[in-house]
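Here is the structure we will look at.
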Amino acid sequence: MSVSALEGAVVVEQAVGTWRLRWQRFRQHRGAMASLVALLLLLAFVLAAFPLQPLLDIDPYATDLLARFDPPSAQHLLGTDEAGRDVLLRLMIGGQVSLLVGVLATAIGGAFGVMLGVSAGYFGGRLDEFLMRFTDGMIALPLLPLLIVLGALDLTKLGFSAEFARSGAAGFWRIVVIISLVDWTATARIARASTLSIKERDFVRAAWASGAGPLYVMATHVLPNIATPLIVAITLTIGRVILLESVLSFLGFGVVPPTPSWGNMLNNAQELVTQAPALAIYPGLLIFITVIAVNFLGDGLQHAFDPRSDR
Amino acid sequence: MTALVELDRVSVHFDQRRGLLGRRSVLHAVEQVSLTIAEGETVGLVGESGSGKSTLGHVIAGLRKPTQGEMRFRGHSLDRATRRVAQHAIQIVFQDPFGALDPRMPVSAIIAEPLTINRIGSQAERRERAASLVHDVGLPQDALNRYPHEFSGGQRQRIAIARALAPNPALIVADEPLSALDVSIQSQVLNLMRDVQQQRQLAYLFISHDMAVVNHLVDRVAVLYLGRLVEIAPRAELFARPSHPYTRALLDAVPRIGHFRARHRTIQGEMPSPLAPPPGCVFHPRCGKAQDICRVTAPELLPAPGRPAQLAACHFKD
C-alpha cells in the first residue's frame, strides 16, 4: 500500500531524518567538535610513528646506555629515556597500544554491559533475575586476584597455537579481553535501571500497539532515552581503562616491556620524577588530553540525543 | 452496520503475589464483558477509577491478551494474520500527552512511527504523510522537525492523534484523552476528534469519567463497575432514563449550574476491592435498592422493560 496515494499531501516543510537532526545538534556543541579534532590529531600523532621511524632511522627498542637522559636534539626530538631510547617514537608507539586498548576494551565491555542490562530490564522476569545475579557475582569477585588468574591462563590450553601465545598480539588481546570482562558491570546495572523506567512509558505502549517487536523498541525508544547516563558511564571508563592497562602491565602480563604504552611509560617515570620529570609529563599529558577529549565528546553526544539540553 | 470489534465474554485477571512467600490472589480487572463496536460508531466507556476501563481499552488495542473469552475483529478471531491487520486498524491515544510521545524523537518520526513499524511506504512517502497529517490536526508546518518538549499539552495530544491517524485506522481507542488537558483546550481537542471522525469514517472507543464530554461525543454508552458491564445503552436513552442505579448515581454526580446536588441520591462508600468482589450483584453494598436476592444472585445483562436497546444488569432496573 502506498502512502501518498491515500491522501493529497500538502508539503510545505520537509521532514528531516532523526539522525540528521542529531548530527546537527552535535555540531552545535563546540567542545565536542574541538574534541573530535583533538582526537583526530592524537590519532595522526600516534600513526606518525610509521613514516617517522625510517625517516629518522631510529630503533625505538634499542637501548644505548651512553645516551641516557639526552636532551632534545635533531635526532631525538624529545630526548631519550633512562635506557637511551627515543621518547617521541615511544610515545607514538605507546599511544597506538593505549588508544587501541582503551577504545576496544571500552567498546566491547560497554556493548556487552548495555546489551545485558537492556535485555534484563526489558524482558524482566526470570531472565532479569539470572542476568542480574550473574552481574552481582562478577561485582563480588575481587579485582586483583581475578586479573592475576586471567593473566596467568595458558593460552595453548585454550586451543591457540604456541606461536600465537608467545607473540605480542596475544598479550594485547589478552589485555583487551581481561579489561572487557571486568569492566561491564556498572554499565549493565545503569542500563537495566534506566530501561525499567522507560519500558513503562506510554510511547513504548503505543509502539507495541502498532505491533513493534523488542528489537525495534530497544533500538528506537530505549537506547536513545537511556543514552545520557550510559554515555557518562562509558566515557569515564576510557580513562580508567588506559590506566588499568598499566596496572596489568606492571603485574607482568599484557603489554610487556620493551613494548611501550602510555600507562607503563608513566609508571616507569615515577621513580625518576626528580631526575627527569619530562618523562612523566609527556605520557601523563597525553592521557589527560585523551580523557578530557573523550568526556567532551560524550557531552556532545548527550546534547545530540537529548533535545531538551540547551547549549 | 457490521461489527468492527466484538468482545465475547472477555475477562482479564492479574495474578498478584505479595513478597516471596506471600499468598497468591487473583485480581479480577475485567469480568465477562461482551461488547461490540460497529464501523464508524463511537462507544463511550465510563466508570470510576479502578473499574477496569483502561484494561478493557488495552485489550481492544492489542496491548493485553484476555485471560478468558475472545476478541474478534471484523468477524475473525485474532490469529497471527488477523492480529497484524488489527494492530494496524486499531490505534490508541493515551491520557497523558507528556508520557505518550518519545521526548527524543522529532515529531515527524513520531507521527510516521506506526507506518515505520509495519514497513509501509518508503521513507520519503512516510515523511510526506507526516507532513500532511500535521496539517490535518491543526499543527504548524514547522512542527515536523521539532521535539515534543517544545509543545503544549493540547498540541501534544494533537501529535498523538496524528500518530494514531497515520495508518488510516478503523478504530481509535481514546483512553481519557482529555482529562490531562485544561478545560479550554479540552473542547478544541474534542472538536478535532469529531472532525477527523467525520472525514474518515472512524470508530472511537472513548474512555472517560466525564459524563458531560461523553454526552457530547458518543453514540452509545457502556458503564463499567468493578470490571463488570452494568449498563449499555444508546446515549439519549441512557442520559434520559438510566436503568441501573449505578448509572443514575453517576449522572447525579455531575454538577450542574442552577441545581442543588441531590445529596441523598449520591452513592456512599468506595468501590470494593477487585481482589475480593462481593457475592451476588457486585454493586449491592452501595445500592439503595438492594434486596436479599442481590446479595446472592448476580443479575444478567438484559433489556430494560419496554426498551430493547437498553441493557442493564440489575434485578430491579428502571
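None of the figures in this text is laboratory data; all of them are computed from the coordinates on show. Values in this document were obtained by computation on a predicted structure and should not be read as measured data. Because the Cβ atoms are built from the backbone with ideal geometry, glycine has one as well, and the counts that use them run over all protein chains shown.
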Would you mind classifying chain B by shape? Square roots of the alpha carbon gyration tensor eigenvalues, ordered a ≥ b ≥ c; an a/c under 1.5 is rounded, otherwise it is prolate if a/b is larger than b/c and oblate if not. prolate
Starting at the first residue of the range B:109-115, write each ³J(HN,Hα) from the Karplus equation 6.51 cos²θ - 1.76 cosθ + 1.60 with θ = phi - 60°, in whole Hz, x for Gly and Pro. 5, 5, 5, 7, 4, x, 6
Along the range B:160-166, what does the Karplus equation 6.51 cos²θ - 1.76 cosθ + 1.60 (θ = phi - 60°) give for ³J(HN,Hα), rounded to whole Hz, x for Gly and Pro? 4, 5, 4, 4, 5, 7, 3
Straight-distance crosslink candidates among lysines, where the alpha carbon sits under 24 Å from A:K199 and sequence neighbours closer than 8 are dropped: B:K53, B:K65
Average other protein chain Cβ within 10 Å of Cβ, residues B:92-101: 4
Within 10 Å of each residue's Cβ, count the other Cβ atoms and sort A:I242, A:I93, A:I234 from fewest upward. A:I93, A:I234, A:I242
In whole Hz, the Karplus estimates of ³J(HN,Hα) for the range B:193-207 (6.51, -1.76, 1.60; θ = phi - 60°; x where Gly or Pro) are 4, 5, 4, 5, 5, 5, 6, 10, 6, 8, 9, 10, 10, 9, 8
Exercise: per-residue mean of other protein chain Cβ atoms within 10 Å, B:123-130: 5
Given the range B:143-223, what whole percent of its Cα pairs are spread farther than 19 Å? 36
Please report, in Å, the Rg and the Dmax of the range B:190-318, where both are computed over Cα atoms only. 16.0, 51
How big is the shadow of the Cα convex hull of the protein assembly as shown, averaged over all directions, in nm²? 38.5
Output for the range A:186-311 (equivalent-ellipsoid semi-axes, sqrt of 5λ from the C-alpha gyration tensor, Å, descending) is 42, 16, 9
Using amide H atoms built in the peptide plane, which far-off residues or other-chain residues are under 5 Å from B:T36 H to H? B:L7
Local net charge near A:A193, Cβ-Cβ under 12 Å (Lys/Arg +1, Asp/Glu -1): +2
Sum -39500 (n - 2.57) across every DSSP H segment of at least 4 residues in chain A, then divide by the residue count to get the 222 nm mean residue ellipticity, nearest 500. -22500 deg cm²/dmol
Evaluate peptide A:219-229: per residue, the Cβ atoms of other protein chains within 10 Å of its Cβ; return the mean as an integer. 2
Calculated diffusion of chain A, Stokes-Einstein form, Kirkwood radius summed over Cα pairs, 4 °C and 1.567 mPa s, µm²/s: 58
Trypsin sites (Lys or Arg not before Pro) restricted to the range B:59-125 and DSSP loop, no more than 13 other C-beta within 10 Å: B:R119
